[in-house]
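Since every read-out is calculated from the coordinates, none of them should be taken as a lab result. These numbers come from a predicted model, not from an experiment. We place every Cβ from the backbone using ideal geometry, glycine too, and count neighbours over all the protein chains shown.
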Amino acid sequence: MQYKHLDAKLIGRIRVEQEEIALALANGNAVSFEAYQRLVGEYVGLQRALDIINTLLEEEENVE
């Protein structure tokens, strides 16, 4: 696939963002319950994006 390099960079960047959010949560950086919910929501959204990317990549592998 012509986008494999981009895929790897995108997946790597999403994982870095997830790690930063997880660290912020572990360190208690959420100053309110609303902030906590926002961070958790961002983490879940990023995980969903990773799941979609992985599904698309697997579908493409099966086609080739």
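Quick one: pull the percentage of alpha-carbon pairs in the chain with a separation above 16 Å. Walk me through the numbers before you get to the answer.
Values: 1055 of 2016 pairs.
So the portion of pairs separated by more than 16 Å is 52 percent.
Using θ = phi - 60° and the Karplus curve 6.51 cos²θ - 1.76 cosθ + 1.60, what whole-Hz ³J(HN,Hα) does each residue of the range 39-49 get, with Gly and Pro shown as x?
5, 5, x, 4, 4, 5, x, 5, 5, 4, 4
Given Leu50, Ala26, Asn62, which one lies farthest toward the positive end of the charge dipole of the chain, if we put +1 on the Cβ of every Lys and Arg and -1 on the Cβ of every Asp and Glu?
Going by the charge dipole, the pick is Ala26.
Evaluate the charge dipole of the chain about its Cα centre and quote only its size in Debye, nearest 20, assuming +1 on the Cβ of each Lys and Arg and -1 on the Cβ of each Asp and Glu.
Once rounded to the nearest 20, the dipole reads 300 debye.
Under the Karplus relation 6.51 cos²θ - 1.76 cosθ + 1.60, θ = phi - 60°, what is the ordered set of whole-Hz ³J(HN,Hα) values for the range 10-25, x standing for Gly and Pro?
Per-residue couplings from phi come out as 5, 4, x, 5, 4, 5, 4, 4, 4, 5, 5, 5, 4, 5, 4, 5 Hz.
Under the 0.36 nm per residue contour assumption, what length would be gained going from the current alpha-carbon distance of Ile14 and Leu50 to full extension? All intermediate terms of the calculation are to be shown ahead of the outcome.
Numbers: separation 36, 0.36 × 36 = 12.96 nm, distance 0.74 nm.
Extra length available between Ile14 and Leu50 comes to 12.2 nm.
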